[in-house]
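> Can you keep this structure in mind? I'll have questions shortly.
The values are calculated or read from the model by the stated rules, or taken from the named source; none is laboratory data. All values reported here derive from a predicted model rather than from experimental measurement. Every residue, glycine as well, gets a Cβ built from its backbone with ideal geometry; the counts of neighbours run over all protein chains shown. In case anyone asks, the SASA skips ligands and DNA or RNA and just uses the protein heavy atoms, side chains included. Shrake-Rupley method; radii C 1.70, N 1.55, O 1.52, S 1.80 Å.
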Amino acid sequence: MTPIALDTLRAAFAGRLLTAPDEMAPFLTDWRGKWHGAAIAVAQPDSAADVAAVMAWCHERQVPVVPQGGNTGLSGGATPDDSGRALVLSLARLNKVRRIDTQNNTMEVEAGVTLQQVQDAAAEAGRLFPLSLAAEGTCTIGGNLATNAGGVQVLRYGNARELCLGLEVATADGELWNGLRGLRKDNTGYDLRDLFIGSEGTLGVITAATLKLFPQPAAKVVAFVAVPSPDAALSLLALAQSKLAASLTAFELISDVCIGLVLKHMPGSRQPLGEASPWYVLLEVSDAHDEAHAQAAIEGLLEAALEEGHATDAAVSTSLAQFEALWALRENISESQGAEGKTIKHDIALPISRIPEFLASTDAAIAAQFSGVRLVVFGHLGDGNLHYNLSPAEDRLGPVHAPAFVALEGPLNRLVHDAVAARGGSISAEHGLGVLRRDEAARYKSPVERRMMQAVKLALDPLGLMNPGKLLA
């Protein structure tokens, strides 16, 4: 790309155009440092119209485009390849909350607004935006929608897809589609919104969204519960759903290995129960009445669970500090596992009823076929999403053992994902395919499904310029 051509790009839109290597560097590497790429430049437009202008410029010159939000993804979906042909399109400067309609319970925001800012703006208006992720301070709503992000409250409120009513999108050829309807019902043809949500920037660029808002709960209480097995956790989930109904907002399964890592690596962490258990559940109740009502509801549930043998012990938060400390045990697992050394991660989804069987069978298969690995298992049991991760065994920590552990990634991925597919599951629950799972996903999708996806891609991006090499093999 010649300097003259970049000058024409610079003149095509309002915003920043980064071309210096040191300025571009943060946009060319993913959050985990696993993927590195190159680009002709990084464009940061100031508005949706400017995004469309950049897209038109790229379409005319057949320049590939890699859309990027907060760059917090875990699958390499926002990193350019190493060819240096692509333009990175950063949405960071599209950072306005355009409007909030408290009567319609909707909020219109631009794609570069961080998830934390969306949550805060909703709270200031007396409303709740329930999507919650560990990276919420830096991830952006455009990226959340492009990957159909999940998080800890999917059980009650659904994925990002369920929290979005409308989109504004810059198309591959530089047009701007305004689909920012704040409607719960709109039966007027194909749902274009749903094509772009979860498409990982391979069909167009999300520039703004109309989001659902909810009433703020009057109180939230969390319980940390010891359970003897995943089967018992599943029984506890069924009991909680029958007794708490929609007030049950989160239900997380955590192995004792996970808690051990958090206690080891997170200063100030402590085990809230007197004795260790092989498994734990962290469950949250959001109450529309008051804290006393929430406490009574969760204590009633736990009494029944203890009587029926689904739980062996429990701790319930009685203050904000305790609430945050109990949630920290769950939220700090990934960081603690990273501090332990190399990791092999699987973000999988299964029918909830098949999770105990999957765990028993797959754990046994790994133990029989591989040595020197530790299972680090946690996740959103309430919606069937497990983070089925592996770390080196405690006697295999350190750089001298790292290459042997990394060499197990391919065979372990095949074993785990074959087990998931055999049970009607998905190899990517909430992180997206990106480049990490792109080729594997092609192995598990039927030829009919692959052809339909390719047809959609060809229709909306006939030149193949949108985030090339991602999602589709």
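> Restricting to the range 1-19, count the residues that are open to solvent by 30 Å² or more (accessible area, probe 1.4 Å) and either in contact with a strand residue (DSSP E or B) (Cβ under 9 Å, 6 or more places away or on another chain) or of a type in the set (Gly, Ala, Ser) (or both).
Selection size over the range 1-19: 8.
> Also, quick follow-up: When the range 82-107 is examined, which residues are found to be within 21 Å of the chain's Cα centre (by Cα) and surrounded by fewer than 23 Cβ atoms within 10 Å (Cβ to Cβ)?
Residues satisfying the conditions are Ala92, Asn95.
> Test each condition in (1) touching an Asp or Glu at 6+ places or on another chain (Cβ under 9 Å); (2) modelled with pLDDT of 95 or more for Ala218 and report the one that comes out false.
All conditions are met except number (2).
> Can I ask one more? If we scan the range 320-336, do we find a residue that is open to solvent by less than 50 Å² (accessible area, probe 1.4 Å), part of a strand (DSSP E or B) and touching a residue at least 40 places away in the same chain (Cβ under 8 Å)?
Among the residues of the range 320-336, not one is open to solvent by less than 50 Å² (accessible area, probe 1.4 Å), part of a strand (DSSP E or B) and touching a residue at least 40 places away in the same chain (Cβ under 8 Å), which makes the answer no.
> Which of the numbered conditions does Asp290 fail, given that it passes all the others? Conditions: (1) surrounded by fewer than 15 Cβ atoms within 10 Å (Cβ to Cβ); (2) modelled with pLDDT of 95 or more; (3) acidic (Asp, Glu).
Single failed check for Asp290: (2).
> Shifting gears a bit: Please find, within the range 438-473, the residue that is least open to solvent (accessible area, probe 1.4 Å) out of those that are farther than 30 Å from Gly174 by Cβ and basic (Lys, Arg).
Lys445
> Of the residues Ala364, Ala419, which is surrounded by fewer than 22 Cβ atoms within 10 Å (Cβ to Cβ), under 26 Å from Leu237 (Cα atoms) and touching a Phe, Trp or Tyr at 6+ places or on another chain (Cβ under 9 Å)?
The conditions single out Ala419.
> I'm checking my understanding of the structure. Among residues of the range 184-202 that are open to solvent by 70 Å² or more (accessible area, probe 1.4 Å) and of a type in the set (S, T, N, Q), which one is nearest to Asp173 (Cα to Cα)?
The selected residue is Thr188.
> Hey, another quick one. Could you list all residues from the range 170-206 that are under 19 Å from the mean Cα position of the chain (by Cα) and in a strand (DSSP E or B)?
Result: Val205, Ile206.
> Can you tell me which residue in the range 337-359 is farthest from Asp395 (Cα to Cα), limited to those that are in a strand (DSSP E or B) and of a type in the set (Val, Ile, Thr)?
Ile348
> Spot the failing condition for Val435; the list is (1) out of contact with any helix residue (DSSP H, G or I) (no Cβ under 9 Å at 6 or more places or on another chain); (2) surrounded by 13 or more Cβ atoms within 10 Å (Cβ to Cβ); (3) among the hydrophobic types (A, V, I, L, M, F, W, C); (4) modelled with pLDDT of 95 or more, and only one is missed.
In the conditions (1) out of contact with any helix residue (DSSP H, G or I) (no Cβ under 9 Å at 6 or more places or on another chain); (2) surrounded by 13 or more Cβ atoms within 10 Å (Cβ to Cβ); (3) among the hydrophobic types (A, V, I, L, M, F, W, C); (4) modelled with pLDDT of 95 or more, Val435 misses (4) alone.
> Taking only pairs six or more apart or across chains, which ones have beta-carbon atoms under 9 Å, a first residue in the range 162-178 that is closer than 21 Å to Pro64 by Cα, and a second residue that is surrounded by fewer than 23 Cβ atoms within 10 Å (Cβ to Cβ) and of a type in the set (Val, Ile, Thr)?
Final answer for the pair search is Trp177/Thr171.
> Let me ask another. Provide a single number: the residues in the range 129-142 that are open to solvent by 30 Å² or more (accessible area, probe 1.4 Å) and either assigned to a helix (DSSP H, G or I) or in contact (Cβ under 8 Å) with a residue 60 or more places away in the chain (or both).
Selection size over the range 129-142: 3.
> Could you check Leu306 against (1) closer than 13 Å to Val227 by Cβ; (2) under 28 Å from the mean Cα position of the chain (by Cα); (3) hydrophobic (A, V, I, L, M, F, W, C) and say which number it fails?
Evaluating Leu306 over (1) closer than 13 Å to Val227 by Cβ; (2) under 28 Å from the mean Cα position of the chain (by Cα); (3) hydrophobic (A, V, I, L, M, F, W, C) leaves (2) as the failure.
> Hey, Asp383 hits all of (1) open to solvent by less than 20 Å² (accessible area, probe 1.4 Å); (2) in contact with a helix residue (DSSP H, G or I) (Cβ under 7 Å, 6 or more places away or on another chain) but one; which does it fall short on?
(1)
> In the range 23-60, which residues are over 17 Å from Pro80 (Cβ atoms), of a type in the set (Asp, Glu) and open to solvent by 40 Å² or more (accessible area, probe 1.4 Å)?
Asp46, Glu60
Residues are listed down the side, and each one gets a yes or a no for (1) of a type in the set (Gly, Ala, Ser); (2) modelled with pLDDT under 95; (3) over 21 Å from the mean Cα position of the chain (by Cα); (4) farther than 25 Å from Lys34 by Cβ:
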site	(1), (2), (3), (4)
Asp363	no, no, yes, yes
Phe370	no, yes, yes, no
Ala393	yes, yes, yes, no
Val400	no, yes, yes, no
Ala419	yes, no, yes, no
Pro462	no, no, yes, yes
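> Going through Ile344, Ile355 one at a time, which residue ends up being under 25 Å from Thr72 (Cα atoms) and of a type in the set (A, V, I, L, M, F, W, C)?
Criteria check complete, one pass: Ile344.
> A further question follows. What pairs come up if the first residue lies in the range 20-42 and is farther than 21 Å from His431 by Cβ, the second is open to solvent by 80 Å² or more (accessible area, probe 1.4 Å) and in a loop (DSSP other than H, G, I, E, B), and their beta carbons are under 8 Å apart, counting only those six or more places apart or on different chains?
Hits for this filter: Ala38/Asp82; Ile40/Met1; Ile40/Arg85; Ala41/Met1.
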